[in-house]
Structure formats: structure tokens, C-alpha cells
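The values are calculated or read from the model by the stated rules, or taken from the named source; none is laboratory data. Being a predicted model, the structure only gives us computed values, none of them experimental. With ideal geometry, Cβ positions are generated from the backbone for all residues, glycine too; neighbour counts draw on all protein chains shown.
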């Protein structure tokens, strides 16, 4: 018996603590300055959130114990939200690169030919990716414990908050490792991975938080009359709201009409979320262990490809096809056709949704299913989501354009041809625009249709101003061009595609977010005609208030009175904003052309 | 002179990759560039192909100065790096048309030129194959096809035979011989010295950024011949023959190697017929007597060790 226990202990010891893959990462990579800055940034952000929240809650007056406890509870809420948000960003960032580890590192084949067991390889790969994320989580614990000093925060809440973040991170890593071990991952998959995670987090949250038809009747309403949604056990942020007592879960006793597991999930959504994510992670990890040595290797046809062969002429594994015609600008051709043929399903889905979504809403409105005040609100939300997706995809595509050339070692070949830097960059930009335009076409065309077709019923004002559709079309294009140029800048300087994508998408998200927050603050504080003038200057306020200008006014009466002046102000604001962004794009592009040669030569010389 | 470097120096921080390189290559020459790993061969080729700027000194290709007239140089050169850079999801014909378009070859001329180079490099039957499905040898032929599209004057090939199987190497060699016959100036860096010896008219040996030798192949072999050595095979009593020769004046060293005697003479150009006469006079039967062969490999090993100054 002792022998068995000893062997079991030895097996576990070699599986995780003494796993050579994990040990290498812990010993070597944790000393990199990049990780030090990451830890400083993460803990600094948490600390800032806590300090600001404490400062806001105290407001310089002496407080009672109850006030302190309330302040601490609020601080804990903000810190938990910040922690979960950072985990949702960092976990994919750390784990996504695992998807292409087989192709990129060239060490995977060496690894599977060693005596390392499949479990050691999978757990080693998984934990080496998650190690830093989990260390960050643990490092943040003292900050959370500080919030318990004044009461108002229970240990159970702290545990729930950490469990939600940890299980989200582990699930993300497990998915990435599973894709890698199945051998179906490519560099395009990395971006789809980010996009699917982001879409899931944003879309499910919006539906669960704002759509009252998804709410459970038996759930008690909070002070804002919001109830818990069915989707709560499936979403970390929704589950966190319940853990923080902002939303109340229905009592277990009142859920008698539901079966055992569903009843448990609805009554205890945080526990349910942690349970199902942990089980999913376990299943994915076990499957990965099964496939790590049995899955397809580079060059072999995958089962997905073999299944798809039934519907297409080319056989997977067949390595030829009829040649396409190359344009006179070969760089633009490569960007446009290479991108379009890759990631086709996701791209087509986004284009289709871009048309179908706004069109469905418009038809619903024209048939009288929506009021003139509700329709623009929903339309602006839909167009916002579509625009955000298109912006991120365009940025990602731009961010990979140069790094892919460098990684596939075709940049040197291009540089020795007579193509000038201006020609190459113009070709890239032209190709990117050809690729990105269809993503924006859907909402833009539907807006133009709604704008020109006019009101649904007689004697009713138009739901959307005709000129708004035109103005928005122009602005959306110039915003996307700005994001593309930013992506090209990052791609030129970055050495690896994954880093370029992270930096550029992160930058676009931060810059757009900050600008939009500032814009929203200005517009809300001023409103009316001035608000209409300011709104076009930031991406999301532009979409929000051009599609739904009623948001600029406090009441319908104010809107009716001020609509004409607001239209003129909006048109003027759009013209100024368009000119400003066009100038920024032109300057940035010129800078790119000027620095192109020097940047590449510096990188060659390193 | 089609390629010339004057005091060409390239530094990467503290590392001096090229140190006052003086090189002159005439039109139509096939120049072999030899050196150990990290000697500076790739750096030189990258500078000549306008990818890198020199830190100091000057390099000229077809009379144009690198760094100042690089745009005029690019249509005149063809660069084949030591790796095969390929785009995903491109077939052979698209790959060639892509680069033909980059060289501003359009319309029917492009189709004609692409067909011509496919035929020259024997890749016609692979025109619709994905480039990343090609074998290493075919990839290298495709690389050469790429640089022939615009009919350059100078070809810069960085280890074109690296990683190729024997058949592929022979095919590349024959192709390069054909290009030489067509009057192209070819600069090749390689580690496969016996192939360079067959192909090249002039040779340059570089080590630690310094050019140790530059000139015709015969000259380098003559320089590397530092001593006179002969190999003698006798029918019997090898030890006795060795002892006899060791005591003879004018002989520096006698060594037994694979059943033969390798005799090193004190003076270069020494008449070794006397040694033959000595052995015959002492009743030794000589099966074979020949002078030591100095080839490019031997020359390289001697020169890079610093034996010849």
C-alpha cells in the first residue's frame, strides 16, 4: 500500500511541481522584465482602484462604522470588477499563443518524441501559460484583504471573486491548449479566439443585464429594478454581480418548478459558473492529453478538413489549385485576397450579421413593432457592436500585415525589388480597406436605406436623419482608416505577430474607450446643439448620437424644438471631425512611409 | 567592374561584422565567397542587395552607390537568401507573377516571362502547386526562377545549395553554370567548397570580417601549397623505406598513412625524382608516387588557420 501511495505521489510530483516544462518557465521566464512590469501594472491598477474608491467613499468627512463598512464593500466591488476585467484580458493574452505553438516553436515535435508523458506535456503547457496569470491573482490577494478591515466584505465574497477569476482564466487556457493539441490552430485562429471571447463576454453581458425578457421572474429586483438573468451562471461578470449583492439570485425554495442542476445553478450562480468552467476545463484537458500524440501533425489533413472535402472540389492534403490573377499592385492583391480567403467563415458571418441585424430591426420598426424612440436606441446599439467588431478586425488585420511578412521572411524579398516604401504601404492600406469595407457595408447600407426611405408611417418624423446616414458612413470609414494606420505602425515596429495584435488592439480599445468616455461626458454635460457638434469627434458617441439624436435632449419636447439646430450642428461637427481624422490619418501615414526604411533596417541590424 | 567595395565596414554595436573589405568583381565572373560561420558573408551579400547600409566605406553595384542610389540598383540585381520566404496559400505561378508585378512586368510580357523562367528552372509541371508544398530543391529552383524574371545583371546567392540532397545540388549547379554561360555575374556564398571549385572563376575567403584572400582559384591553391608533399606507395617493407627516407637530407618529415608514405620535403619545388631514385637504388619497388593534391578545401583550412600570411 505504501508502495502504491509512493508511486502515486511520484506520478503527481512529476506531473506538476517537477514538470520540466513548467520548471523551465518558472525559472527562466519569470525573470523577464516584461513580467515584472506586468505585475507592477496589474497590482498598481488594483491599488489605484482601491485608493480612489476609498477616497470617494470617505469624501473628507468623519464616517461612522456603518459608512466605513459600506465604503469598504463598494471598494471591494470595484476591485473585484477590475480584477475580473483584467483577468479576462490577460488570460487570453497569455494563453492564445499556445494555439500555434506546434508550428511556431519548432520544439513541439522534439517534446513529443521524449519520454515525457502526454499528461506532463499538456499540464506543463497549460500551467506554464497560466502560471503568470495565477501568480497575478495571488499577488492581488493582500489588496483585497485590505478591504475586509472595516467589515462589509465577507470571506465568502473574497473567495467567490477569486474563484470566478481563476476559473475563467483556467477555462481560457484549456480551450487554447485543446485547439493546439487538436492541430487545428493557425495564426488566424488566435484572433478568432480573442474575438469569440470578447464577443461572448460583451454580448451575453448586455443581453443578461439589459434585456428584461431574459430575467427570472422569481428573482428579487434590486434598487434599479433589475433582476437576475438566466444567463448569469454562464457569465463571469453576471455571476460576480450576484456575488457582490448588486443583483439578487432567486431563493432556492422558490425555484421548485426547475430540475436539480438548473435549480442549483439559478440559486447559486457563482458556484455553478465555477463548477461548469472547472468541469469544462477538465474535459478539455483530458481530451488534449488523448490527442497530444494522436492528433494531426503539420501537413496532415484534419478531420474537419476531411469532412469539408465533401462540399468542396479540392481535397485536403491536395497541394495545388488553379492560379489566380495577380493585380498590378501585388502588395494590395496579397492583402486583399490572402486575407479574404483566410478566416472566411468568421468574416462572412460578421458581414451577414451586419446586414441582417439592422435590416431585421428596420423591418420590425416599419411594421409597427417598435416605437420611434425605441428603434433608434436598439439600432444604435447594434451598429455600435458591428462597428466595434469591424474596428477590431481591421486593426488586427493591419497589425499582422508587416509582422507576417517578417515572420515568413518575405519582407527581405520585397525590399530587394524596385517597390518603394510608399508603394508597399499604399498597397497594404489599399488591401486592408478592400478587406475591411465589406465588414462595415452592412450597417452603413441599412442606415442609408432607412435614411432615404423615410418614416414608416405618415405624419411621423423620420426615425433617422437622412444626412446622419451619409455623415456616419464617412466618419466610420475614416475611423477605421485611423485604426488601420495605427495597426500598421505597431506592425512595423513589432517583431512578433501576437505582440503586434495585442498592442494595437489594446491601444485602439483604450484610445477609443477614453475618447468615447470623454465625448460622452462632454455631450451629456452640454446636450442639445453643442452636444450634437461634439458627438462626431469620438467614435462611439458619433454612432450613438447620430443614429439616436434624441439622446442629446432631456425630453421629447426639447428634441422637437431643438432638432433643426442640432442637425446643422451635427453636420458641421461631422465635417470638422472628418477633416480632423483625415488629417491625422494622412500625417500618420506619411510618418509611416518616412520611417519605413529606417525601422526595417534597424530591425535587420539587430 | 560590376561590383566594388572600398573599405566596407559594418558594425553591430561592438561586433564588427565587416572590417575594411576591399572587393572587386568583374562583369561575367562567377565569384565564390567562402568563410566560416559568422565570417561576414551574409552581411556582405545583404549590403550588396541594398538590405543593409554600411557603417563605413562604400559599396557599388553596376556603378551605383549602395545607400544613395539603391533604387537604381534593385532592378539590376537578383537576391536569393539562405531561407525560402514564402507566402501562405500561394501557388508557384502566383508567386512568380507576384514578383514579376513587383518588377513592373505587366500584361502579356509577364505571362511570357513567367513561362520562360518556369521552363528554364524545370518547374512547368509544378506551376499550380502550393509553394509551401514544394521540396527544398524545388523551392530553391523557384527562388532562382524568381530572380531571373527581370533579367538582372548580378545574382547574389546566399548558400543556394544549403540543405539540398545530392541530386538537387547537381541540378542547381547545372542551372548556375547555364546562367554563367548567359553572361550573368554571380556571387555565391557556400560551404560546399568542391562545388564552388567547379563553378567559380574567382574566390574570396573571409574570416572574422576580414578578407584573407581574393583572386583566381589557381592563385589561392598556389598560395595554400605551403610545403611540398609527395605520397609514395611501396610493395613491401614500408617501415624500412620510412626509416631510409627519414635519414635523407632535404626531407622534413615522413609519415605512414593508409599503407603509403607521405613525405614532406624541406623546400617547396624540390625535385622529388631523387627520392624515387634513392628507393629504387635500395631495392624498394615503387607502386605509386604522386604529388600532394591541394584543393579548395585544403586551401580554405590552411588560410583560415592563418598559415598563409
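A few remarks follow.
- Residue A:423, sole failed condition from (1) within 14 Å of chain B (Cβ to nearest Cβ); (2) touching a helix residue (DSSP H, G or I) at 6+ places or on another chain (Cβ under 6 Å); (3) within 18 Å of residue A:588 (Cα to Cα): (2)
- Verdict on residue A:398 being more than 14 Å from chain B (Cβ to nearest Cβ), modelled with pLDDT of 85 or more and either under 29 Å from residue A:464 (Cα atoms) or in a helix (DSSP H, G or I) (or both): yes
- Qualifying residue in segment B:155-167 (condition: assigned to a helix (DSSP H, G or I) and farther than 20 Å from residue A:415 by Cα): yes
- So residue A:588, is it over 32 Å from the mean Cα position of the chain (by Cα) and surrounded by 15 or more Cβ atoms within 10 Å (Cβ to Cβ): no
Listed here are the residues, each with its yes/no results for (1) more than 24 Å from residue B:158 (Cα to Cα); (2) more than 9 Å from chain A (Cβ to nearest Cβ).
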site	(1), (2)
B:102	no, no
B:116	no, yes
B:120	no, yes
B:127	yes, no
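- Selection of segment B:89-100 for residues being under 27 Å from residue B:45 (Cβ atoms), at the interface with chain A (Cβ under 7 Å from one of its Cβ atoms) and touching a residue at least 12 places away in the same chain (Cβ under 8 Å) yields B:97, B:99.
Per-residue answers, yes or no, for (1) surrounded by fewer than 16 Cβ atoms within 10 Å (Cβ to Cβ); (2) in contact with a helix residue (DSSP H, G or I) (Cβ under 8 Å, 6 or more places away or on another chain); (3) in the same structural domain as residue A:358 (by TED's automatic domain parsing):
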residue: A:553; (1), (2), (3): no, yes, yes
residue: A:563; (1), (2), (3): no, yes, yes
residue: A:569; (1), (2), (3): no, yes, yes
residue: A:573; (1), (2), (3): no, yes, yes
residue: A:592; (1), (2), (3): no, yes, yes
residue: A:595; (1), (2), (3): yes, yes, yes
residue: A:598; (1), (2), (3): yes, no, yes
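- Exclusive hit being closer than 14 Å to residue A:266 by Cβ and either under 17 Å from the mean Cα position of the chain (by Cα) or modelled with pLDDT of 80 or more (or both), set A:198, A:239, A:221, A:243: A:239
- Breaking point among (1) crowded, with 18+ Cβ neighbours inside 10 Å; (2) assigned to a helix (DSSP H, G or I); (3) in contact (Cβ under 8 Å) with a residue 40 or more places away in the chain, for residue B:195: (3)
- Test: residue B:212 is closer than 30 Å to residue B:11 by Cα and either over 17 Å from the mean Cα position of the chain (by Cα) or surrounded by 18 or more Cβ atoms within 10 Å (Cβ to Cβ) (or both): yes
- Check on residue A:22, under 30 Å from residue A:78 (Cβ atoms) and surrounded by 11 or more Cβ atoms within 10 Å (Cβ to Cβ): no
- The residue list B:152, B:166 contains one member that is in contact with a strand residue (DSSP E or B) (Cβ under 6 Å, 6 or more places away or on another chain) and surrounded by fewer than 22 Cβ atoms within 10 Å (Cβ to Cβ), which is B:152.
- Scanning segment B:76-89 turns up at least one residue that is part of a helix (DSSP H, G or I) and either more than 31 Å from the chain's Cα centre (by Cα) or farther than 12 Å from residue B:146 by Cβ (or both).
- Selection status of residue B:47, under 23 Å from residue B:205 (Cβ atoms), more than 7 Å from chain A (Cβ to nearest Cβ), assigned to a helix (DSSP H, G or I) and in contact with a strand residue (DSSP E or B) (Cβ under 8 Å, 6 or more places away or on another chain): yes
- Being surrounded by fewer than 18 Cβ atoms within 10 Å (Cβ to Cβ), modelled with pLDDT of 90 or more and either in the same structural domain as residue B:24 (by TED's automatic domain parsing) or in contact with a strand residue (DSSP E or B) (Cβ under 7 Å, 6 or more places away or on another chain) (or both) is a property that residue B:124 has.
- In segment A:315-327, the residues that are at positive phi and more than 7 Å from chain B (Cβ to nearest Cβ) reach residues that are modelled with pLDDT under 80 and surrounded by 13 or more Cβ atoms within 10 Å (Cβ to Cβ) with C-beta atoms within less than 8 angstrom, at least six apart or across chains, in these pairs: A:317/A:301; A:317/A:305.
- Here residue B:112 clears all of (1) surrounded by fewer than 22 Cβ atoms within 10 Å (Cβ to Cβ); (2) in contact with a helix residue (DSSP H, G or I) (Cβ under 8 Å, 6 or more places away or on another chain); (3) modelled with pLDDT of 90 or more; (4) farther than 23 Å from residue B:48 by Cβ except the condition numbered (2).
- Condition met for residue A:403 (modelled with pLDDT of 85 or more, more than 27 Å from the chain's Cα centre (by Cα) and either away from every other protein chain (no Cβ under 14 Å) or within 30 Å of residue B:150 (Cα to Cα) (or both)): no
- Verdict on residue B:32 being within 21 Å of residue B:144 (Cβ to Cβ) and either at pLDDT below 90 or in a loop (DSSP other than H, G, I, E, B) (or both): no
- Whichever residue in segment B:129-144 is at the interface with chain A (Cβ under 10 Å from one of its Cβ atoms) and in a helix (DSSP H, G or I) and, among such residues, is nearest to the chain's Cα centre (by Cα): B:143
- Look at (1) buried (at least 19 other Cβ atoms within 10 Å of the Cβ); (2) in a strand (DSSP E or B) and you find that residue B:58 fails only one, number (1).
- Per the listing A:218, A:224, the residue uniquely touching a helix residue (DSSP H, G or I) at 6+ places or on another chain (Cβ under 7 Å) and farther than 30 Å from residue A:108 by Cα is A:218.
- When residues of segment A:426-455 are limited to those that are within 14 Å of chain B (Cβ to nearest Cβ) and either outside any helix (DSSP H, G or I) or buried (at least 18 other Cβ atoms within 10 Å of the Cβ) (or both), the one modelled with the lowest pLDDT: A:431
- Counted residues, segment A:357-369 - those being out of contact with any helix residue (DSSP H, G or I) (no Cβ under 6 Å at 6 or more places or on another chain) and closer than 22 Å to residue A:556 by Cβ: 4
- The set of residues in segment A:19-37 that are more than 16 Å from residue A:111 (Cβ to Cβ) and outside any helix (DSSP H, G or I) contains only A:32.
- Scanning segment B:67-83 for residues that are more than 11 Å from chain A (Cβ to nearest Cβ) and at pLDDT 90 or above yields a count of 0.
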